[in-house]
1. What is the one condition in (1) farther than 16 Å from residue 51 by Cβ; (2) crowded, with 17+ Cβ neighbours inside 10 Å; (3) at pLDDT below 90 that residue 163 does not satisfy?
2. Within region 84-93, is even one residue in contact with a strand residue (DSSP E or B) (Cβ under 6 Å, 6 or more places away or on another chain), exposed (fewer than 12 other Cβ atoms within 10 Å of the Cβ) and under 29 Å from residue 40 (Cβ atoms)?
3. Does any residue of region 52-65 turn out to be touching a strand residue (DSSP E or B) at 6+ places or on another chain (Cβ under 6 Å), under 30 Å from residue 143 (Cβ atoms) and surrounded by 15 or more Cβ atoms within 10 Å (Cβ to Cβ)?
4. Can you find, within region 15-44, the residue that is farthest from residue 72 (Cα to Cα) among those that are touching a strand residue (DSSP E or B) at 6+ places or on another chain (Cβ under 8 Å) and in a helix (DSSP H, G or I)?
């Protein structure tokens, strides 16, 4: 026995069925992208590291900071030197986003280098030094993510030029210390 709504009143045309299926396919792709993008908005800083060229920092020493972000939003990365209660900002950089953060799932990696120049060293004293790198993302979904902080302990020697202890430079070369304003030998 047939019931009232067992049969469709009108059959769906082939063209209309193709349009419906393509809309469903596009919607499925967008839902998958939204799930990935939501996670990247929540976890904006994936990795943050401090690399030291020398164990004891001195004139001309290089401090490299490496950050890997989700690419969804710009991330501000700052490097600070902490001695006792004083905090000295050494460098700051903004890791850019991917432009269209919702659709572009690639991560962004940025490196920057801070050099211990004489002007920086005048503000510090010999002894233990804490290097602190801090990466801060932007607000997403009415939530500001907590900053990612990496701290590395090292020593500072104002007299020991570990990175620039070239005695003399040849005529056609320039010692590293001269590049930052220190005398070469």
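The values are calculated or read from the model by the stated rules, or taken from the named source; none is laboratory data. The structure displayed is predicted, hence computed values, not measured ones. When we count neighbours, we look across all protein chains shown, and the Cβ atoms used for this are built from the backbone with ideal geometry, even at glycine.
1. (1)
2. Yes, some residue in region 84-93 is in contact with a strand residue (DSSP E or B) (Cβ under 6 Å, 6 or more places away or on another chain), exposed (fewer than 12 other Cβ atoms within 10 Å of the Cβ) and under 29 Å from residue 40 (Cβ atoms).
3. yes
4. Just the residues of region 15-44 that are touching a strand residue (DSSP E or B) at 6+ places or on another chain (Cβ under 8 Å), to begin with: 41-42, 44.
Now narrow it down to the ones that are in a helix (DSSP H, G or I): 41-42.
Values: 41: 6, 42: 9 Å.
Only one residue fits best here, namely 42.
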